[in-house]
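The structure under discussion appears below in the form of structure tokens.
Derivation of every value follows stated rules applied to the coordinates shown; laboratory data play no part. Bear in mind the structure is a predicted one, so any value in this text is a computation, not a measurement. Positions of Cβ are generated from backbone atoms using ideal geometry, with glycine treated the same way; all protein chains shown enter the neighbour counts.
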Amino acid sequence: MKKALLILIGAFVSVSMFAAGAKEAPPTGPVTIEYWHINSATFGEKAVVNSVNRFQELKPNIKVVHRFQQGSYGGLLQNLQTAMAAGNPPAMAQIGYNNLLFAMHELPHTPIGNFSKEDPQYSAFINGFIPGLADLGKDAKGVQHAVPYALSVPVLYYNADLFKAAGLDPDKPPVTWEELRKAAKQIRDRTGEYGVGLQISTSNNWLPQTLIESNGGRFLDEKGEIGVSRPEVVEAYAFWQQLAVVDKSLPVVTDAEQEQAFLAGRLGMYVKTSASMANFIRQAKFTLRTAVVPGWAGKQKRIAVGGNALFIFGKDAAQQRAAYEFIKFLTSKEGQTIWVLDTGYLPVAAGVADDPNYLKEYFDRNPLTKAALAQLPHSVPWMPFPGPRGQQAEQVLIEAREAILGGAPVQPTLITATERLKALLR
Amino acid sequence: MNRLIPKKENLKKTGHALTGFLFTLPALTGFTLFVYRPLMETIYLSFHDWNMVSRTKKFIGWDNYKEILTSDSFYQALWNTGVYAIWLIVFIIFLPLLLSYGLTRVGKWERNLYRITLFAPTVVSLGIASVLFVWIFNPIGGFIASVIEMFGGIPLNWTSSLERAKTPIITVVAWKSLGYNMVLLLAGIGAVPEEVKQAAEIDGAVGLKLWRYIILPLISPTILTVFVLTISMSAEYVFTPIHVITGGGPQGVTTNVVFEIYRQAFQWFRVGLSSTFSVIVLGIFIALLGFKIKLSERIVSYEER
């Protein structure tokens, strides 16, 4: 009995000593980090597993435990907040660009920029991104909170068979929104099928941002003033309404319904995230083609990128450093090659797409993905409304869009929305 | 003096009470931990502003209550919940009642066949059913649209129409719950004693009369149970199809109280406001419960044994 007690005490003491030792271990010592992601079995889990395995070979000292989170970025964020409230956050996680500002300002984290002094290769790491892309992880003051990892842009997918049936040339997809309207109407009139759908969401305004900003409008301008009822925005929403109400070439339905219709061959064009590419290629039973998202005639395109950035949430220094190392690997040419091959996202690392050692062959083999790659020079951060009421503000715009597509007068609807936004964002 | 020294009899009573208390302790512990404690916390949070992660919960008094009671979305959610309740009463109380009436009039073999067929949807998960109904109601090439087109009609828009968006949601819940309620009601009907029915028949109560004066009053406790389940479904159960099919839109016509509570807390991170919403809804349900108790005293006949 006494012996057993002694063993127990011995075990306890050694465990506590080990625990104490781990705390003071240098950052290179053996450490386990948890990585939270949203990549389900059908949405890139293989890429996560391959990345972790390869990293394990390179840095056997750092053990990465990857955990899938249900419910996309919103679900991950909910679980993250719960874990934080319980004092047990993962070392690192993917944060959707739509939650970027929220995470920067509301969630306790270690900015990536903190490693600029510690790591002599820091500037090489940041310069390894496609020029300008690393800025997606910066706040207004220039602090590098996170770095971009997954990248997607809107793409114009179209059904070449319907194009031919409507007497349109599938080799000449519309380049401007005005041309798109004509093509959509022609499909509607000649084939009886719907012409075009624009991706919509019940929680964000990702595609509308591209539509509006390319027309010179801003939901929120540089001075922080709400620009929702300004002429450029009104014009863009009026255009959208005309597709639906005047031409009846755009179906007023939910996004799931648009997607089903497109895949069933009953929607001519569909402007949607490039992240759907792999799925569309697999499921489309018609000749699927892609093109860059249209712009407004004579105006500079501004394309809001979707996807996620990597944040460090780990509580102790060893975990933070280990997470930083893993992030460096994930965004390197090698890490990006693993990631892009199994997801269909666009690479964030500079030069990797033309590098014969990495992704050149992939992009040569998949001409459809080139349309997505071609838009990167026009990319701008996805800018949801900031602040603690930001998500609620998105809802105001969603309801305004629903009213407009339902036939409500555009300008008064947007003026009302502006008033509601002012109350939420003041 | 008398009051200070307990009489032997009183002591015995206290002892009984203690034993009783000990017996209920396991259940009580669970209730306290998982029902009352969170309830108290919800009431506490309803007076605070909190985003779920911040260390500080800011006390703001009645501000949350004022904000909710003056917001349109609260009344819209409440109204929608009421509309869901009314339609569900039609589809999962009256309809199963009619069906079970019909089932008592067919042979045993047919009855079992119908019972299995109508009960089958109950075992399908609500999430999967919702996804299925997205396709059924899709105005472009969906099942209903295809049938309408086959007869040369113009397909209706459901999920994005202000007038019809509730239809798919009510359909999913009704489709899934109808069979379950029907089985409950059938069990109630089966429990009506044969001799009572025979006696009534001898007295001339046949067919519908038998139903109106004998069976319906005797199964009224079952109907009340089904009724209460339906009301709570219109708040809780409807959540999944809202989440999957419409996300509360268009313009909030499909949202309900539980979806609003969820959205405030987990999409907008306004935990205090969401708690306030819950507390107000709880108040409404307590009032409804009081009404239910009154009602059951008046019109429900419990068989005296």
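In the range A:35-192, one over the average inverse separation of all distinct C-alpha pairs is 19.4 Å, which is the Kirkwood hydrodynamic radius.
Look at the stretch B:46-58: the mean tally of other chain Cβ atoms within 10 Å of its residues' Cβ atoms is 3. Within 10 Å of the Cβ of each residue in A:399-408, the mean number of Cβ atoms contributed by other protein chains is 3.
Which of rounded, prolate, oblate describes the range B:149-253, given a ≥ b ≥ c as roots of the alpha-carbon gyration tensor eigenvalues and a/c under 1.5 marking rounded, otherwise prolate only if a/b is larger than b/c? It is prolate, given that a/c is not under 1.5 and a/b is the larger ratio.
Taking label positions 7 Å along the Cα-Cβ direction at both A:ALA165 and A:GLU235, the computed distance is 3.5 nm, reported to one decimal. Centre-to-centre, using Cα atoms only, the range B:156-220 and the range B:91-112 are separated by 8 Å. DSSP loop (so not H, G, I, E, B), at most 15 other Cβ within 10 Å: list which chymotrypsin sites (Phe, Trp or Tyr not before Pro) in the range B:25-112 pass both filters. Of the chymotrypsin sites (Phe, Trp or Tyr not before Pro), the ones in loops of the range B:25-112 whose Cβ has at most 15 other Cβ atoms within 10 Å are B:TRP62. Neighbour counting of Cβ atoms within 10 Å sorts the residues B:LEU98, B:LEU210, fewest neighbours leading, into B:LEU98, B:LEU210.
Here the gap between A:VAL175 and A:ASP316, fully extended at 0.36 nm per residue and compared with their Cα-Cα distance, gives a gain of 45.7 nm. Under the membrane-span-like helix rule (DSSP H runs whose alpha carbons stretch at least 27 Å along the helix axis, mean Kyte-Doolittle hydropathy 0.5 or higher), chain B yields B:166-190, B:271-299.
Here the gap between B:ILE128 and B:VAL106, fully extended at 0.36 nm per residue and compared with their Cα-Cα distance, gives a gain of 4.7 nm.
Taking each residue as 0.36 nm, the span from B:SER71 to B:LEU295 lengthens on full extension beyond its C-alpha to C-alpha distance by 77.4 nm.
Straight-line cross-link partners of A:LYS315 among the lysines, defined as a Cα under 18 Å from its Cα and at least 8 positions apart when in the same chain: A:LYS23, A:LYS63.
Across the range A:322-361, the residues whose backbone nitrogen lies under 19 Å from the label position 7 Å along the beta-carbon direction of A:LYS370 are A:341, A:344-347, A:351-361. Look at the Cα gyration tensor of the protein assembly as shown: its axes a ≥ b ≥ c give a/c of at least 1.5 with a/b at or below b/c, and that counts as oblate. According to the Kirkwood relation over distinct C-alpha pairs, the hydrodynamic radius of chain B is 23.2 Å. For the range B:79-255, averaging the sequence separation of C-alpha pairs within contact (under 8 Å, six or more residues apart) and dividing by the residue count gives a relative contact order of 35 percent. Note on the range B:79-255: Cα-only Rg and Dmax are 18.9, 59 Å. Computed on chain A, with alpha-carbon pairs under 8 angstrom and 6+ residues apart, the relative contact order is 24 percent. Between B:ARG164 and B:TRP135, the FRET efficiency estimated from the beta carbon spacing at R0 = 22 angstrom works out to 0.85.
Pairs spanning more than 22 Å between alpha-carbon atoms, out of A:LYS301/A:LYS360; A:LYS333/A:LYS360; A:LYS172/A:LYS301: A:LYS301/A:LYS360. Pairs of Lys residues in the range B:79-255 are counted when their Cα atoms are under 27 angstrom apart and they lie 8 or more places apart or on different chains; the count is 5. Using the alpha carbons alone, the radius of gyration of chain A stands to its Kirkwood radius in an Rg to Rh ratio of 1.03. Here B:LYS58 is the anchor, and the lysines within straight C-alpha reach of less than 22 Å, apart from those fewer than 8 places off in the same chain, are B:LYS66. What FRET efficiency comes out for the pair B:GLN198/B:LEU95, r = Cβ-Cβ distance, R0 = 45 Å, nearest 0.05? My answer for the efficiency is 0.95. Placing unit charges on the Cβ atoms only, positive for Lys and Arg and negative for Asp and Glu, gives the range B:79-255 a dipole magnitude near 80 debye about its Cα centre.
Picking from B:ILE284, A:ALA275, B:THR29, whose Cα lies most toward the positive end of the charge dipole for the protein assembly as shown (charges on Cβ: Lys, Arg +1; Asp, Glu -1)? Toward the positive end, the furthest listed residue is B:THR29.
On the basis of the beta-carbon distance and an R0 of 45 Å, B:VAL83 and A:PHE68 show a calculated FRET efficiency of 0.75.
Each Cα pair under 8 Å and six or more residues apart adds its separation to the average, and for chain B the resulting relative contact order is 28 percent.
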